[in-house]
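Report on one structure; see the data block that follows.
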Amino acid sequence: MKKKIIVTGGAGYIGSHTVVELFNAGFEPVIVDNFSNADKSVVERINEITGSNITLHEGDCCDEGFLRKMIEAEGEIDGFIHFAAYKAVGESVKKPLEYYRNNFDSLLIVLKVMMDSSIPHFVFSSSCTVYGQAEVLPVTEETPVQKQESPYGNTKKVCEEMINDAVNSGAKLKCISLRYFNPIGAHSSARIGELPLGVPQNLVPFITQTAAGIREQLTVFGDDYDTPDGTCIRDYIHVVDLAKAHVKSLEYLEAEKSENFYDVFNVGTGKGNSVLEVIKAFEKASGKNLKYVIGPRRAGDIVQIYGNVDKANKLLGWKTELSIEDSLRDAWEWEKRLA
Ligand code: WQD
């Protein structure tokens, strides 16, 4: 029998790609989403890609009664992957209490109902944002976690601590937090991808919208940083590679003998690319010239970060398979499909 995995936020950007990869790996993913930042058509498109009919429960993870009913209806559940959370750094500064309430409550309630129902496996969406601007690069999982610059970052940091405390309490829980670097790209079918609301804040959706003529030009936020070409450096990972890390994490937790377990893993490519390198790679992958100007620095940007991913390579048996050109080609195919 297929192992059933509840994917909260399963209609979102990373969640939807993870549902597909879980299905491909022989799991039975079940989507829980309140569609506060996702479109219902995503579920139909996941079904097209997988040729299946994935179960959907529409509701909010802060609603304990809803989750309990969902668990009762689903019967035997092997684990949860918890994506459902607010995720915009800038917005979190303006609405801190909403971020704390949503991101903390949903995690607390998910863990509580899991423990009450003896559901053993849990994978949590964390972020490289917990490292802030690290002094030594690449960052490893031993790199100290920093005081956070935004309520969003703080929710990720504290949520990791909450999971650790729950495991240390002796609860029968086996948990992994994945610290994502910068996910980009889309499924190679171009049926699912990122759906930014309004003007994109992130680099790659802004690039693809500019190439599609929706935005006039891209502004590169600063070229006077202390990096080889003066622009900021990030670790851009294809969303499908990132999705596969969740599958490997679940398999790892299943093989884990002890009943209490918690660990964190970096999930990136291990390589940093500057903003100008991303632009060049996009131009190569799409065959389009991108209109861009150099503008001032963006407040709050860290100069550079990229991850050491040896731990995930060795312990999870996971590695990236797709290049930055693959990511940008798929992001462009997805953008064209949206037009
Ligand atoms: C990347 C680079 C910008 C837009 C995001 C999330 C964060 C974390 C990681 C989850 C930076 C530059 C951008 C533009 C530009 N994810 N840029 N012009 O800042 O690394 O953060 O991913 O936890 O929460 O917000 O990603 O895509 O915004 O920026 O020059 O129009 O592109 O300055 O150097 P960032 P990003």
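Residues in the range 29-58 that are among the aromatic types (Phe, Trp, Tyr) and open to solvent by 60 Å² or more (accessible area, probe 1.4 Å): none.
Does Ala281 meet the test of being within 14 Å of the ligand (Cβ to nearest atom), aliphatic (A, V, I, L, M) and free of Cβ contacts under 8 Å to residues at least 12 places away in the same chain?
no
Contact list please: Cβ distance under 9 Å, first residue in the range 95-107 and farther than 14 Å from Asp63 by Cβ, second residue of a type in the set (Asp, Glu), pairs at least six apart or on different chains. Close Cβ pairs (under 9 Å, with a partner that is of a type in the set (Asp, Glu)) amount to Glu98/Glu91; Tyr99/Glu91. Considering the range 169-199, and only residues there that are part of a loop (DSSP other than H, G, I, E, B) and among the basic types (Lys, Arg), the residue that is farthest from the ligand (Cβ to nearest atom) turns out to be Lys172.
Evaluated against (1) touching a Gly at 6+ places or on another chain (Cβ under 6 Å); (2) open to solvent by 10 Å² or more (accessible area, probe 1.4 Å), Val139 falls short on exactly one condition, (2).
Checking Cys61 against (1) in a loop (DSSP other than H, G, I, E, B); (2) in contact (Cβ under 8 Å) with a residue 40 or more places away in the chain; (3) surrounded by fewer than 22 Cβ atoms within 10 Å (Cβ to Cβ), which test does it fail? In the conditions (1) in a loop (DSSP other than H, G, I, E, B); (2) in contact (Cβ under 8 Å) with a residue 40 or more places away in the chain; (3) surrounded by fewer than 22 Cβ atoms within 10 Å (Cβ to Cβ), Cys61 misses (3) alone.
Specify the residue that is farthest from Gly10 (Cα to Cα); the eligible residues are those in the range 247-290 that are in a loop (DSSP other than H, G, I, E, B) and open to solvent by less than 20 Å² (accessible area, probe 1.4 Å).
Only one residue tops the list, namely Leu290.
The condition of being outside any loop (DSSP other than H, G, I, E, B) and either touching a residue at least 60 places away in the same chain (Cβ under 8 Å) or on the phi > 0 side of the Ramachandran plot (or both) holds for Thr219. I need every pair where a residue in the range 144-158 that is more than 15 Å from Val93 (Cβ to Cβ) has its Cβ under 6 Å from the Cβ of a residue that is open to solvent by less than 20 Å² (accessible area, probe 1.4 Å) and assigned to a helix (DSSP H, G or I), sequence separation at least 6 or different chains. So the pair list comes out as Val145/Val130; Lys157/Val130.
Taking first residues from the range 223-249 that are modelled with pLDDT under 95 and partners that are part of a loop (DSSP other than H, G, I, E, B) and open to solvent by less than 20 Å² (accessible area, probe 1.4 Å), no Cβ contact under 9 Å between residues at least 6 apart in sequence or on separate chains turns up. Go through (1) touching a His at 6+ places or on another chain (Cβ under 7 Å); (2) within 14 Å of the ligand (Cβ to nearest atom); (3) more than 25 Å from Phe66 (Cβ to Cβ) and name the single condition Ser125 misses. Unmet condition: (3).
Within the range 172-208, being among the aliphatic types (A, V, I, L, M), within 16 Å of the chain's Cα centre (by Cα) and open to solvent by 30 Å² or more (accessible area, probe 1.4 Å) holds for Leu195, Leu203. Among the residues of the range 284-333, those identified as of a type in the set (Ser, Thr, Tyr) and more than 16 Å from the ligand (Cβ to nearest atom) are Ser286, Thr320, Ser323.
Given the criterion part of a helix (DSSP H, G or I), in contact with an Asp or Glu (Cβ under 7 Å, 6 or more places away or on another chain) and aliphatic (A, V, I, L, M), identify the matching residue among Ala331, Ala312, Ala243.
Ala243
Quick one: how many residues across the range 1-54 are at positive phi and of a type in the set (D, E, K, R)? Adding up the residues that qualify gives 0.
Residues in the range 209-246 that are open to solvent by less than 10 Å² (accessible area, probe 1.4 Å) and farther than 30 Å from Ser177 by Cβ were compared, and the one that is farthest from the ligand (Cβ to nearest atom) is Gly230.
The values are calculated or read from the model by the stated rules, or taken from the named source; none is laboratory data. On a predicted model such as this, the values are computed, not experimentally measured, just so you know. Counting neighbours? That spans all protein chains shown, and the Cβs are built from the backbone with ideal geometry, glycine included. Heavy atoms of the whole protein, side chains included, go into the accessibility calculation; ligands, DNA and RNA do not. Shrake-Rupley method; radii C 1.70, N 1.55, O 1.52, S 1.80 Å.
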